[in-house]
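The values are calculated or read from the model by the stated rules, or taken from the named source; none is laboratory data. These numbers were taken from a predicted model, which means no experiment stands behind them. Here the Cβ is made from the backbone with ideal geometry for all residues, glycine too, and neighbour counts use every protein chain on show. These area figures cover heavy atoms from the full protein model, side chains too; ligands, DNA and RNA do not enter into them. Shrake-Rupley method; radii C 1.70, N 1.55, O 1.52, S 1.80 Å.
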Amino acid sequence: MSTGTLDGFPEDEGDKEKKDRKHKPESGKPDEMIHTFREKLGDVSDDSEHSEDSGETKLEIQSGDRPPITLCLPSRVANWIQHYDTDKEVLQNPGSELTNDYRAWDEGTSATVRAGGKSIMNCFCDRYDPYLLNWTLENFSDPSIQLNDAQRADLIYHVYEEVDEKWSYGISELATTENADSLEYCWHNLVKLIAIEERLQNTKPRNVLMNLLHLSLIHCIQCNLIANIGLFHKIGWLTTDSPRQDIMDKLIDLAGRYDHMRPYATKIINKWDNMEMEDEIINMMITSRNAKLDSSDANNGYNSDLSANALSEKEAHDLLMQKLRDLEEVMTPETDDDPAWDHPLEYVEQLAEGKHVIYLKSELAEEKDQNLSNGKKFDLALMERMAEKGFTKWLFTEPDDELDATYCWLQSQNDSRSKANLARTLHQYMQLKRGDDVPALREYLILPGGQEPKSVTNEMRYWQEVWKRKEDAGAEARVYLANADDEKAKAKNWMQATENNKFFVIGDGGVFQGYSFRHGCTTRETSVVLNHRTVIDEYDREDFMGNRAMKHIAHEVGRKRGWGTHQTSAVPVKGNSRLTDTFTQETLMGHDSHLKVTTSGGYVDAAIYSCEGEHDDEEEELEPYDDNVTAPQPEVDIPA
């Protein structure tokens, strides 16, 4: 561990495992959190080939009356800041504009609130230029903002959420395994916050209470940024091995170059863990606030999905039951021997006739032991079967999903390797051929000795099975962390350079599907798009949510009529007007978004559902690991 050279700086105790945070959607990955800004700003990385820019650009950050702080940033980061974070317009009276925007939100008169509700939208949602948000960060305590004390305190939540989404979007777009651009963007934003805090602490306030609220806002956003460093390392947007230590080293350097920054840099290093915990508390407060706003939205009719709350409890329950019955009717096959439901492998094979690419997006429930789930078994069986039909190029664009337990375990063992590091090693392993001196994957990854969590065993087993079946099928497997620009480009280049070959793409990898469409790797017409979900046995919501409802109804249909291979069945979607027309009803309008191919429009070809906790005795079970040994035995077959 490196030790700080500045008095008051402690040794880094290592990155700690971060808990899931409120921004993470049901899938466990925060891709949806940046969609708003994709719509506002466009997706730069998707439309241009990534190339590493080794040049640097100096940017200055103002710090009150003191000399500006100069940062040397990679040119790519500086270009992003100047293009997306720099004001394009100047408002003549920003305080008045902010006041009007907040009141329109508060009174429910803004178009965004009418469409989505106050719990989802904030008062900046109608603004595409960052000027007002930047101005508010700097001037939150300005008297030209004509809000009462309660409104000003609530405004903190608006700024917090908008900054979080905006900066998260930038980090996701700058992520690459070739350099630390996304980390440098985090660093720039942290210094910007520190400079504002320093100015507020050393300037005589016009209003003490407003100044304290302003400092509270800056502190909340600092806590959010510190917590996000751990979260984004976990999901692969920060790709250095120890971003926490990297930021601490930069804080030490900042304090050494600027004496007035020293106390603020020291505070963050000494209170890093506390700030992470504070952000969890802030998120709990936001959850509580949003729950109250949900009720307000329903009473005011802002969101039709919440309007059931305005009904009596019995009326709301009856309405929900009717929606579920309608859905079950159209999801239940009309014949006793349905091609999709009862024979899902054969059904997908039929769908793929004449196609060039199969996209499989699996969001499966976490396994509870070292045994592979029915969903995983089905995916492996499908890959193997489709390899027989020529789909021998296997591309994994979200390997981090199946390395998550391993990553978290390594972090707990003070091994700070990033997911990018693990994915890169896994890719190398997949290039090994039978007949080589092939070690077990855990040995190749140099995992710690001793007892490992069963979830880690499960991940090792899955990838070992992928390697084995790749060899059996004569396929080629590549592993690219396609949330990162450079890895996404490598995956695209492989597809473009491989003529007359069929690809099986597992994982979305930061909307890689749409990226590959736009770059001519394939078209929607020559592709099969599949979603794969784990069913749920109980519907645990009081309102209707399309994705959860279909997972529950699939469970009910399977319970009544049985399942296909590996307790898994398919439901046709594209071209299935019996199902899709259901979602044109007023009460179900918009609840089919999880069935849409958002990057190209239209529906997925089929939704696949797997039931866990039940096993088909006729299916060959994989040989289990011996639980009595401290390190599970490798499964790789190496001929003598």
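Can you compute the modelled spin-label distance between Arg518 and Lys368, with each label point 7 Å from Cα toward Cβ, in nm? For Arg518 paired with Lys368, the spin-label model returns 4.2 nm.
The alpha carbon centroids of region 357-415 and region 224-264 are separated by 32 Å. What percentage of the solvent-accessible surface of region 331-428, computed with a 1.4 Å probe over protein heavy atoms, is contributed by carbon and sulfur atoms? Roughly 40 percent of what the probe reaches on region 331-428 is carbon or sulfur. To the nearest 0.05, what FRET efficiency results for Cys72 and Asn493 with a Förster distance of 30 Å applied to their C-beta separation? So the FRET efficiency works out to roughly 0.45. In the context of the full set of protein chains, residues of region 88-127 present 49 Å² of accessible surface per residue (probe radius 1.4 Å, heavy atoms only).
Peptides 161-168, 542-549 ranked from most to least packed give 161-168, 542-549, packing being the mean of other C-beta atoms within 10 angstrom over each peptide's residues.
Over region 428-570, accessible surface divided per residue gives 36 Å², non-protein components excluded, 1.4 Å probe. Computed over region 452-576, the range of Cα coordinates on each principal axis works out to 48, 42, 27 Å, biggest value leading. Residue ranges 561-567, 336-342, 65-71 sort as 561-567, 336-342, 65-71 when ordered by packing (mean number of other C-beta atoms within 10 Å per residue, highest first).
With Cα atoms as the point set, region 142-294 shows a radius of gyration and Dmax of 16.3, 49 Å. Rounded if a/c is under 1.5, else prolate if a/b is larger than b/c, else oblate: which is region 448-518, with a ≥ b ≥ c the root eigenvalues of its Cα gyration tensor? Verdict is oblate for region 448-518.
The average projected area of region 375-520, computed from the convex hull of its Cα atoms over all directions, is 9.1 nm².
For region 188-230, the set of trypsin sites (Lys or Arg not before Pro) satisfying both a DSSP loop assignment and a count of at most 13 other C-beta atoms within 10 Å is given as Arg206.
Under 5 Å from the amide H of Val505 lie the amide H atoms of Ile358, Tyr359, Leu360, Leu395, each residue being 5 or more positions distant or on a separate chain, with H modelled from the backbone and absent for Pro and chain starts. Apolar share of the accessible surface for region 60-193: 46 percent from carbon plus sulfur atoms, 1.4 Å probe. Once both labels are positioned 7 Å from their Cα atoms along Cα-to-Cβ, the gap between Asn100 and Asp336 label points is 7.0 nm. Which entries in the list Lys58/Lys267; Lys377/Lys470; Lys355/Lys574; Lys292/Lys551; Lys490/Lys574; Lys204/Lys271 go over 21 Å, if you measure between the two C-alpha atoms of each? As for pairs spanning more than 21 Å Cα to Cα, those are Lys58/Lys267; Lys292/Lys551; Lys490/Lys574; Lys204/Lys271.
The label-point distance for His83 and Asn501, in a model that sets each label 7 Å from Cα toward Cβ, rounds to 3.1 nm.
Give me the distance between the Cα centres of region 132-210 and region 452-529, rounded to whole Å. When both Cα centres are located, 38 Å separates them. Taking a point 7 Å out from the Cα of Met321 in the direction of its Cβ, the residues of region 533-548 whose backbone N falls within less than 18 Å of it are 538-545. Loop only by DSSP, 13 or fewer other Cβ within 10 Å of the Cβ. Give me the chymotrypsin sites (Phe, Trp or Tyr not before Pro) in region 87-161 that pass, ordered by residue number. Passing both the DSSP loop test and the Cβ count: Tyr128.
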